[in-house]
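Below you'll find the structure, written out as structure tokens, and then a few comments.
What follows is calculated from the coordinates using simple rules that are stated; it is not laboratory data. All figures in this text were calculated on a predicted structure; none of them were measured in a lab. Cβ placement follows ideal geometry from the backbone for every residue including glycine, while neighbour counts extend to all protein chains displayed.
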Amino acid sequence: MAKTVRLICVGVLPLLAGFLLNWILPVFPIHGFVAVMVSVLLLIGWGYLACKLSDPDRSLPMQSFFMCAFGLVMLLLVLYQELVLKAYWGNTFGLATQMFFLPWLTLASSVISPFVSRVWPMYVLIWVGLFAASCAGCSLKRQK
């Protein structure tokens, strides 16, 4: 039970990273290839966290799901704002839903923007990427 709670709590880290990145970008703007590389490194870091925190004896998909559960809530909230309300909330919750996905938005944009002009598919792609990185990290731990 404690490991499950720890995985769920780690799921909040992208929100903190997004707010930190939002604070850093005006001071040290990064664009293009460098921004994509930062996104890739953060995704690898997410997989590394999954590897370190996972238990090889427990279910791989469930551990990955618990690690990404907070992100799933953020995804559902941002999809509600995008698809139903057609506007973001002008409060902390509206900002937080966007900040959660900010660290990987450049990477998702470079992958999907030639095909889609809306933002919400990028958020879905980011969550799927986080889940896949979690699965890869848990799987790596199991192979060791």
Evaluate the following for Phe100: is it in contact (Cβ under 8 Å) with a residue 12 or more places away in the chain and either of a type in the set (D, E, K, R) or more than 17 Å from Leu130 (Cα to Cα) (or both)? no
With the condition being of a type outside the set (Val, Ile, Thr) and within 22 Å of Trp120 (Cα to Cα), I'd like the helices (runs of 4 or more DSSP H) fully within the range 1-93 carrying at least 3 qualifying residues. 13-24, 32-53, 60-79
Being in contact (Cβ under 8 Å) with a residue 40 or more places away in the chain and either over 19 Å from Val73 (Cα atoms) or outside any helix (DSSP H, G or I) (or both) is the filter here, so list the residues in the range 109-144 that pass it. Ser110, Ala136, Gly137, Cys138, Ser139, Leu140, Lys141, Arg142, Lys144
Read through the list (1) among the polar types (S, T, N, Q); (2) over 17 Å from Val12 (Cα atoms); (3) buried (at least 22 other Cβ atoms within 10 Å of the Cβ), then give the number of the only condition that Ser64 fails. (2)
Quick check: is even one residue across the range 81-93 within 17 Å of the chain's Cα centre (by Cα) and either surrounded by fewer than 17 Cβ atoms within 10 Å (Cβ to Cβ) or not charged (D, E, K, R) (or both)? yes
Here the qualifying pairs (Cβ atoms under 7 Å; residues six or more apart or on different chains; first in the range 41-53 and within 17 Å of Arg6 (Cβ to Cβ) and in contact (Cβ under 8 Å) with a residue 24 or more places away in the chain; second assigned to a helix (DSSP H, G or I) and of a type in the set (Val, Ile, Thr)) come out as Leu49/Val10; Leu53/Val10
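Condition check ((1) closer than 17 Å to Val10 by Cβ; (2) among the aliphatic types (A, V, I, L, M); (3) in contact with a strand residue (DSSP E or B) (Cβ under 8 Å, 6 or more places away or on another chain)) across all residues:
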position: Val38; (1), (2), (3): no, yes, no
position: Gly71; (1), (2), (3): yes, no, no
position: Leu79; (1), (2), (3): no, yes, no
position: Ser117; (1), (2), (3): no, no, no
position: Gly137; (1), (2), (3): yes, no, no
